[in-house]
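Novice: Following this message is one structure expressed as structure tokens.
The values are calculated or read from the model by the stated rules, or taken from the named source; none is laboratory data. Since this is a predicted model, take the numbers as computed values, not measurements. Every residue, glycine as well, gets a Cβ built from its backbone with ideal geometry; the counts of neighbours run over all protein chains shown. For accessibility, only protein heavy atoms count, side chains too; no ligands or nucleic acids. Shrake-Rupley method; radii C 1.70, N 1.55, O 1.52, S 1.80 Å.
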Amino acid sequence: AKFGSIKRVACLRDADSFKRNLNLYVISEDEAGTLVRTNDTIKRNLSVWLNHGRMVNDTVDIVDAFIVNIGIEFSIVVDDMNNKFDILTLANESVRRLFVIEKEIGEPLYLSEIYTTLSNIDGVVDVKSVNPVTKVGSPYSNISFDVDQNMTFDRRVLTTPPTHILEVKYPAVDISGRIE
């Protein structure tokens, strides 16, 4: 435990392998609760543990999953009878709660959940837009991820490659709304 632990795992068959090779994508969590690459000590320990139960012909490669840091920007229309700033604060908090439980490796982001959450807030008349944006560079991951290319044609689902994991690293900063 002093070396850390694995937070998420995804096992995929290696399409480039002629044998029955499996790729095990792993990701860990740091003390602050954000996703980090799994250190080599944990990977070696996992490899030793897996060797006890694997078939002789099976090979397993343990590799890091790719962390994609995203933010959520949204725009809402608020009823004139309510305090707009209170409603915006409530909207930001409601969207942040959706990201308390981290995604799995390869799990998509359903924008309809965010639309529904926002539209269910008393005082919100309309949800104009919900846009995921990539956060890159220090202190975020350096993984290049094109949100528009990975969005479904109806812009309701942000698909994620099976080797990637989405993370809202700093919800207080990375989730922001505005009033129209």
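Novice: Among what's in region 5-36 and is exposed (fewer than 11 other Cβ atoms within 10 Å of the Cβ) and of a type in the set (A, V, I, L, M, F, W, C), pick the residue that is farthest from residue 143 (Cα to Cα).
Specialist: Only one residue fits best here, namely 18.
Novice: Quick one: in region 151-171, which of the residues that are polar (S, T, N, Q) and in contact with a strand residue (DSSP E or B) (Cβ under 6 Å, 6 or more places away or on another chain) is surrounded by the fewest Cβ atoms within 10 Å (Cβ to Cβ)?
Specialist: 163
Novice: Would you mind stating whether residue 71 is modelled with pLDDT under 85 and either touching a strand residue (DSSP E or B) at 6+ places or on another chain (Cβ under 6 Å) or open to solvent by 30 Å² or more (accessible area, probe 1.4 Å) (or both)? Let's see the steps before the verdict.
Specialist: Details: modelled with pLDDT under 85: no; either touching a strand residue (DSSP E or B) at 6+ places or on another chain (Cβ under 6 Å) or open to solvent by 30 Å² or more (accessible area, probe 1.4 Å) (or both): yes.
Here the answer is no, as residue 71 does not meet what is asked.
Novice: Just the residues that are charged (D, E, K, R) and touching a Lys or Arg at 6+ places or on another chain (Cβ under 9 Å), please, taken from region 17-61. Spell out the reasoning first.
Specialist: From region 17-61, those charged (D, E, K, R) are 19-20, 29-31, 37, 40, 43-44, 54, 58, 61; that's our starting set.
Hits for region 17-61 are 20, 29, 58.
Novice: Still on this model: In region 135-157, what residues are in contact with a Leu (Cβ under 7 Å, 6 or more places away or on another chain) and under 17 Å from residue 37 (Cα atoms)?
Specialist: Hits for region 135-157: nothing passes.
Novice: When residue 126 is evaluated against the numbered criteria (1) surrounded by 14 or more Cβ atoms within 10 Å (Cβ to Cβ); (2) farther than 12 Å from residue 71 by Cα, which criterion, by number, is the only one it fails?
Specialist: Of the numbered conditions (1) surrounded by 14 or more Cβ atoms within 10 Å (Cβ to Cβ); (2) farther than 12 Å from residue 71 by Cα, the odd one out for residue 126 is (1).
Novice: On to the next question. Whether any residue in region 105-112 is without any contact (Cβ under 8 Å) to a residue 40 or more places away in the chain, at negative phi and surrounded by fewer than 18 Cβ atoms within 10 Å (Cβ to Cβ) is what I want to check. Before the answer, list the steps.
Specialist: Initially, region 105-112 is screened for residues without any contact (Cβ under 8 Å) to a residue 40 or more places away in the chain, giving none.
Looking for residues that are without any contact (Cβ under 8 Å) to a residue 40 or more places away in the chain, at negative phi and surrounded by fewer than 18 Cβ atoms within 10 Å (Cβ to Cβ), one finds none in region 105-112, hence no.
Novice: Select from region 129-169 the residues that are outside any strand (DSSP E or B), touching a residue at least 60 places away in the same chain (Cβ under 8 Å) and not hydrophobic (A, V, I, L, M, F, W, C) and list them in ascending order.
Specialist: Here is the first cut: in region 129-169, the residues outside any strand (DSSP E or B) are 135-150, 152-156, 159-163, 168-169.
Imposing the further condition that a residue be touching a residue at least 60 places away in the same chain (Cβ under 8 Å) reduces the set to 135-136, 140-141, 143, 145, 147, 160-163, 168-169.
Residues satisfying the conditions are 135, 140, 141, 160, 161, 162, 163, 169.
Novice: Please list, ordered by first then second residue, the pairs with beta carbon atoms under 6 Å, 6 or more apart or interchain, first in region 77-89 and among the charged types (D, E, K, R), second part of a loop (DSSP other than H, G, I, E, B).
Specialist: Pairs that qualify, where the first residue is among the charged types (D, E, K, R) and the partner is part of a loop (DSSP other than H, G, I, E, B), are 79/123.
Novice: Starting from residues that are in contact with a strand residue (DSSP E or B) (Cβ under 8 Å, 6 or more places away or on another chain) and among the polar types (S, T, N, Q), keep the ones in region 129-143 and report whichever is most open to solvent (accessible area, probe 1.4 Å). Break it down stepwise before answering.
Specialist: Within region 129-143, the subset in contact with a strand residue (DSSP E or B) (Cβ under 8 Å, 6 or more places away or on another chain) is 129-136, 140-141, 143.
Of the ones still in play, those that are also among the polar types (S, T, N, Q) are 129, 131, 134, 141.
Numbers: 129: 30, 131: 59, 134: 42, 141: 24 Å².
Only one residue tops the list, namely 131.
Novice: Quick one: residue 118 ticks every box in (1) without any contact (Cβ under 8 Å) to a residue 24 or more places away in the chain; (2) among the hydrophobic types (A, V, I, L, M, F, W, C); (3) in a helix (DSSP H, G or I) bar one, so which box is it?
Specialist: (1)
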